[in-house]
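Below you'll find the structure, written out as structure tokens, and then a few comments.
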Amino acid sequence: MPPPQPTWGHGHPGAYAPPPYPMAPPRRSSSGPIVALVLGGVVVLGLGAIGVFAAALNSKVKDTGYSNYTTYSPTYTYTSTTAEPTTTTTRPTTTRTPSTQPTPAGPKAVYKLADHPIFATNVGANDFDSCPLPRMEYSPAGERRFLEAALPCIEKAWQPALKAANLPYQPAELQVFTGTVQTPCGSRQNNTTAMFCRGVIYWPGTFYANEGGSTVRHPGVYLGQLSHEYGHHLQWLTGMLRAADQAQYDVGGFDTPKGLELNRRLELQATCLGGMTLAPFSHKNVIPMEVVNTGLSDAGKRGDYNRRPDHGSAPNNERWVMHGHKQNKINACNTWGGEFRGRLVNRTPGPRVSSTGTC
């Protein structure tokens, strides 16, 4: 196992952020209906939920203070189940040919995991011709300039892929903060690592500027961490993030053996998607390969070091980030299927967490 790296979150070496979404409470047995409330007043629903619950989700389409553009959240789509009133009025029967075709429905997120339709498309992160990045300055302002320059390149890589897969797209937003920030997923202190929540990457600038020394102060480390968080953004847009949250609720909650296994699969997928995101930076001499290689190497040193097993071991993070970077095909990042059981998602040596021996 690689030596622990500088602390990036939760006070644990080599760790990523906690789960990038409000967690549902543990499932409780009940003969009545179950409603899972999460932070921010959002309801976590099963895939067959109807009108009134979905309306509650739709109330949080845009988070106040972060977006300068009007978009929609694929996670909070409301579909009314109210039937149109019937009428008994009789009118003459006529046959007409519509002058225009019905407007097709727009792209919608799909709340599935292993059988998500995006894996059948086999899209990848698209190349781009250039990505001018400023010289890295290790201060909150310098980090903001670097990350804001990198994000549009990442968007250029992924927007065509999501369009080809007929899935919704919106740019990820970035908030670099130096104190305490309130997010829909709860408050965030500046002494913890970056976090994704509902379309926004929250980046604690002071923490990154002050921590680590030479092992952290490298632009590749920042680009690699940004790519991992953008992987969560892709999970959010496609619907897999919500599907994973629902799956964890169905097995009794996040902090259960099966819930933790699901979370490791989620995080290892984000790591794999981060590797895919770095692939276009490796082509056409867009940036020095040394920067890309540092980002890949850093991702391979992160994981569950003497902590709750919710992100996967460092060796597994290394395998997945390199797998995604080399293949650059979305189906290479399907961490939900059984084909990788015991090979790429097995956990750090220790007690088995499920009867199937996975993770």
Given the options Arg319, Arg302, Arg307, name the one that is buried (at least 24 other Cβ atoms within 10 Å of the Cβ) and more than 16 Å from the chain's Cα centre (by Cα).
Arg302
Could you check, for the range 211-223, whether at least one of its residues is under 17 Å from Ala172 (Cα atoms), in contact (Cβ under 8 Å) with a residue 12 or more places away in the chain, surrounded by 23 or more Cβ atoms within 10 Å (Cβ to Cβ) and of a type outside the set (D, E, K, R)?
yes
Failed criterion for Arg307 (all others in (1) touching a helix residue (DSSP H, G or I) at 6+ places or on another chain (Cβ under 8 Å); (2) assigned to a loop (DSSP other than H, G, I, E, B); (3) not acidic (Asp, Glu) hold):
(1)
Scanning the range 245-256 for residues that are surrounded by fewer than 24 Cβ atoms within 10 Å (Cβ to Cβ) and in contact with a Pro (Cβ under 9 Å, 6 or more places away or on another chain), which turns out nearest to Val200 (Cα to Cα)?
Phe254
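Name the residues in the range 153-169 that are out of contact with any Cys (no Cβ under 8 Å at 6 or more places or on another chain) and either among the acidic types (Asp, Glu) or within 16 Å of Ile287 (Cβ to Cβ) (or both), would you?
Step one: filter the range 153-169 for residues out of contact with any Cys (no Cβ under 8 Å at 6 or more places or on another chain), giving 154-169.
Across the range 153-169, the qualifying residues are Ile154, Glu155, Lys156, Ala157.
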Filter result (surrounded by 16 or more Cβ atoms within 10 Å (Cβ to Cβ) and among the small types (Gly, Ala, Ser)) within the range 166-202
Ala172, Ala194, Gly199
Could you tell me which numbered condition Thr335 fails, if it satisfies all but one of (1) modelled with pLDDT under 95; (2) part of a loop (DSSP other than H, G, I, E, B); (3) of a type outside the set (Asp, Glu)?
(1)
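The values are calculated or read from the model by the stated rules, or taken from the named source; none is laboratory data. Keep in mind that what you see is a predicted model, and the values were worked out from it rather than measured. Heads up, the Cβs are rebuilt from the backbone with ideal geometry, glycines too, and the neighbour counts pull from every protein chain shown.
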